[in-house]
Structure formats: structure tokens, C-alpha cells
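These notes are about the structure you will find just below.
The values are calculated or read from the model by the stated rules, or taken from the named source; none is laboratory data. Being a predicted model, the structure only gives us computed values, none of them experimental. Every residue, glycine as well, gets a Cβ built from its backbone with ideal geometry; the counts of neighbours run over all protein chains shown.
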Ligand code: GDD
């Protein structure tokens with residue numbers, strides 16, 4: 001049995017996504033008309049359809065947003081995709097691996113229905129996905145490669161072009177995990193999270209397949225951290241004792257400041273485990289982790305600007321995965337549609353409007369006569385009045401754009 005886990009973070013994460021994340025949890029922000037998290041969930045569903053006997057038992061969203069923010073979405077997506085989707089709320093952030101470990105008992109537990117088919121009752125794989133990445137999630141191919149490699153985990157990686165790094169070098173290079181893999185076996189040989197200087201042109205895409213052994217690895221990090229914290233407590237106590245004995249103020253000072261020296265590692269709670277720094281880095285080169293390289297599209301969604309680009313990428317993907325979601329513009333009563341466009345069934349678009357490419361129009365939006373929309377996201381309850389032009393922009397919930405207005409980002413995104 002396979003379980004998918006999507007790490008959705010919480011309100012203290014994703015601050016770069018402001019102001020959009022003030023109104024709605026970032027994972028629910030619409031890209032191509034569907035909540036961001038909808039795309040990885042649908043990809044998990046596609047894995048299930050690609051194998052002869054479906055064995056995707058459950059999709060878990062793990063985060064520390066309020067439970068009620070996900071209740072509606074989780075029940076509607078479960079019935080739409082016919083896969084049980086459940087939101088699991090952490091009481092505090094546990095890190096990208098600690099969050100997974102926090103719910104290990106629930107994830108590992110046997111499903112009473114599937115237990116009937118004994119071979120499906122055993123959890124064989126965990127598909128672990130970051131919520132804020134945009135790609136085609138090549139999970140069936142990754143799963144096949146993972147089985148072939150026989151390791152504990154397989155990481156999706158992408159080669160970024162030299163041009164990519166030249167364009168935004170220092171800024172961009174240190175936003176990802178960079179890694180080196182064996183070109184023949186694909187074993188992960190070296191991994192550095194957000195390095196200061198260039199390490200490799202292969203980056204971690206935040207898409208993984210693990211065996212349940214990942215839980216043992218996370219537990220190992222947590223135990224090690226507890227042991228170190230205990231040791232530190234003992235040694236700082238001993239330092240204090242000897243300093244008192246010597247009654248030497250200078251020694252006391254230096255030893256205390258030394259023991260109180262707080263690097264990030266020391267201040268991390270013992271149950272806070274990061275997948276990248278704490279698991280991937282130390283396990284590299286130990287024949288436990290392997291890589292699967294994608295040649296398809298991949299982007300990270302950290303800023304509102306990136307959501308426009310990712311919305312366009314998902315709209316283009318709909319041509320293959322969900323053509324029924326793309327507006328056709330057929331018929332005399334419908335607007336002129338250019339390229340990939342999504343229009344929510346409750347939105348009203350005037351037949352003389354010209355929409356596209358790369359436009360998504362959300363629920364209850366009203367688009368007036370002669371309006372021109374290019375590469376934009378129109379959110380719920382927006383009104384765009386006659387002859388307005390909106391290009392390369394996100395129009396926020398309930399906004400109203402006046403007649404003949406022109407809304408345009410000053411540079412291409
Ligand atoms: N539930 C939960 N709890 N989720 C979390 C937590 C937590 O405490 N911390 C982070 N996450 C989620 C985020 O919402 C995101 O989906 C994912 O875990 C990774 O977030 P970060 O740990 O903040 O890493 P990052 O996004 O800056 O970088 C990671 O992803 C890149 C690809 O987008 C790293 O793995 C990079 O190496 C990688 O290139």
C-alpha cells in the first residue's frame with residue numbers, strides 16, 4: 001500500500017507569498033483555477049490510475065494551519081477524486097521531516113478495509129511532496145526507478161541551466177538543495193542545502209519516494225539531538241562547578257559564553273527535524289538515497305509573481321491531464337479565447353471580451369464587454385468593467401476594475 005504525504009507548512013511559513021497569504025492559506029491559493037495543493041493531489045491520483053491494482057490508500061496533508069481552514073477543501077477533493085484526503089494538524093512546526101514523523105503511527109497503521117487483501121495492508125512506500133513546487137510530478141516513473149534502485153529514498157532532481165544561475169546567481173543558487181549524483185547508478189553522493197557558493201547544477205525538487213525506513217532515520221536524528229542536548233547540559237554544569245571551585249571570574253565567563261554559544265543546531269528543539277540538512281546530507285554517499293532526474297518543467301512557488309508563471313504551466317498541463325477544464329470559446333455566445341484559459345462555471349464573461357493566453361478566472365467574477373485579459377489570475381468576486389485591460393497581474397478578491405482601466409505589471413514576469 002502507498003500513502004502520499006504533502007507538507008503544507010503553516011502561517012509562519014510562506015511569508016514571501018504575502019499579501020496573498022493574508023487572505024487564504026498559501027496551499028489553497030488558486031493556480032490554473034485549482035488550489036495549489038490540488039495539483040500534487042491529482043498527481044498522486046494519477047499514480048494510482050497508472051498501475052493495474054490501485055493501492056493509494058490515503059493522501060495526508062500535514063501542516064500547522066488551523067484545521068477549519070482545510071475542512072471544506074479536504075472533503076470536496078476526497079469526493080471529487082475518490083481518494084481519502086485528510087488534513088493532519090501539528091501543534092507546532094516540527095520541520096519538513098519532523099512533521100512526517102509526528103504522525104508515523106497514523107501513517108503506518110493498517111487500513112481495516114485493505115487488510116482483507118493482506119499484501120496491501122503493509123505500507124510499502126511513502127510519496128512525500130512539498131506543497132510549494134510546480135511540476136508534472138512524474139510519480140509513476142519515479143516509483144519504478146525507486147523499486148529498481150532498492151534504496152530507502154529517491155529524490156526528484158532537475159538540472160538547472162548555467163544561464164539560470166548566471167541570471168540570478170548568488171540569490172537563486174542558495175534557495176535550493178544542490179546535489180551530486182553518480183551518473184551511472186544515480187546514487188546521491190553529496191548534498192548541500194542552500195549552499196553559499198555553487199556546488200552543482202542539480203537541485204532538489206522537493207518530491208520524494210521513501211520506504212517506511214525513513215521513520216527510523218528521522219528517529220535517529222531526534223535521538224542523537226536529545227543525547228547531545230543532555231551532554232551539553234552535563235558539560236555546562238561541570239564547567240560551572242569547576243569555575244566556582246577555581247573562583248576565577250575570567251574562566252567562568254569564557255566557559256559560560258562558550259557553552260551558551262548558540263548556533264542554529266543547538267537551538268533546534270529535539271523533535272524538529274529538517275529533511276534536507278538532517279536526513280539527506282548525512283545519508284548521501286551511503287547507498288541509501290538515489291536520484292531521478294526530470295527533463296520536464298519545475299518551479300518553486302514562493303512569491304506571488306511565481307504563481308502567475310506556475311498557473312500558466314498548470315494550464316498548459318491541463319491540455320493532457322484535464323482538457324475539460326480549459327475554456328474552448330466555441331459558440332457565438334462565448335468570449336474569444338486565446339490559448340490556455342480556465343473559467344470557473346459561476347463566472348460571467350461577456351461574449352465580446354477577449355481572454356488569454358494563460359488566464360484563470362475564479363468563482364463569481366464578472367468580466368465586462370470589450371475587456372482584454374492576458375496572463376493573469378482573476379480571483380473570486382472580482383468585477384472587471386467594460387473595455388478594461390489586465391495584463392500580467394493578479395486581481396485580488398472582490399476588487400473592481402473601472403471602465404477603460406489598464407492594469408499591467410511594469411516588467412515581464
Ligand atoms: N507540516 C510542516 N511542518 N511542513 C513544513 C514544515 C513544518 O514544520 N517546515 C516546512 N514545511 C513544508 C513547507 O511548506 C514546504 O512545502 C516543505 O516543507 C519544504 O519547506 P522548507 O523546509 O522551508 O524548505 P524550502 O522550501 O526552502 O526548500 C526545500 O524545497 C526546495 C524545493 O522547492 C528544500 O528541500 C530544498 O532543498 C529544495 O530545493
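One table, with the values for the structure above:
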item: Of residues in the range 192-227 being in contact with a helix residue (DSSP H, G or I) (Cβ under 6 Å, 6 or more places away or on another chain) and assigned to a strand (DSSP E or B), the one surrounded by the most Cβ atoms within 10 Å (Cβ to Cβ); result: 209
item: From 339, 285, 329, residue being surrounded by 14 or more Cβ atoms within 10 Å (Cβ to Cβ), at pLDDT below 70 and either within 24 Å of residue 353 (Cα to Cα) or touching a strand residue (DSSP E or B) at 6+ places or on another chain (Cβ under 6 Å) (or both); result: 329
item: Subset of the range 83-105 (residues that are in contact (Cβ under 8 Å) with a residue 24 or more places away in the chain and more than 12 Å from the ligand (Cβ to nearest atom)); result: 83, 84, 85, 86, 104
item: Matching option when the condition is in contact (Cβ under 8 Å) with a residue 12 or more places away in the chain and more than 15 Å from the ligand (Cβ to nearest atom), among 284, 312; result: 312
item: Selection count, the range 62-82, where residues are out of contact with any helix residue (DSSP H, G or I) (no Cβ under 7 Å at 6 or more places or on another chain), part of a helix (DSSP H, G or I) and in contact (Cβ under 8 Å) with a residue 40 or more places away in the chain; result: 2
item: In the range 11-31, the residues that are more than 14 Å from the ligand (Cβ to nearest atom) and either crowded, with 20+ Cβ neighbours inside 10 Å or more than 21 Å from residue 361 (Cβ to Cβ) (or both); result: 18, 22, 30, 31
item: Positions within the range 168-199 being farther than 22 Å from residue 132 by Cα and at pLDDT below 90, in sequence order; result: 196, 197, 198, 199
item: Filter result (over 17 Å from residue 36 (Cβ atoms) and touching a residue at least 24 places away in the same chain (Cβ under 8 Å)) within the range 318-328; result: 327
item: Single residue of the range 1-57 satisfying the filter (in contact with a strand residue (DSSP E or B) (Cβ under 6 Å, 6 or more places away or on another chain) and part of a helix (DSSP H, G or I)) that is modelled with the lowest pLDDT; result: 48
item: Residue match in the range 290-300 (condition: in a loop (DSSP other than H, G, I, E, B) and either within 14 Å of the ligand (Cβ to nearest atom) or buried (at least 16 other Cβ atoms within 10 Å of the Cβ) (or both)); result: yes
item: Filter pass, residue 107 being under 20 Å from residue 153 (Cα atoms), modelled with pLDDT of 85 or more and touching a helix residue (DSSP H, G or I) at 6+ places or on another chain (Cβ under 8 Å); result: yes
item: Among the residues listed as 324, 392, the single one being outside any loop (DSSP other than H, G, I, E, B) and surrounded by fewer than 16 Cβ atoms within 10 Å (Cβ to Cβ); result: 324
item: Complete set of residues in the range 170-191 that are within 16 Å of the ligand (Cβ to nearest atom) and part of a loop (DSSP other than H, G, I, E, B); result: 174, 175, 176
item: Residue list for the range 1-10, restricted to those being within 19 Å of residue 97 (Cα to Cα) and more than 13 Å from the ligand (Cβ to nearest atom); result: 2, 3, 4
item: Residue within the range 131-143 that is within 13 Å of the ligand (Cβ to nearest atom) and either exposed (fewer than 13 other Cβ atoms within 10 Å of the Cβ) or modelled with pLDDT under 90 (or both) present; result: no
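Let's see how each residue does on (1) closer than 18 Å to residue 35 by Cα; (2) in contact with a strand residue (DSSP E or B) (Cβ under 7 Å, 6 or more places away or on another chain):
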residue	(1), (2)
352	no, no
360	yes, yes
368	no, yes
371	no, yes
376	yes, yes
386	no, no
390	no, yes
396	yes, no
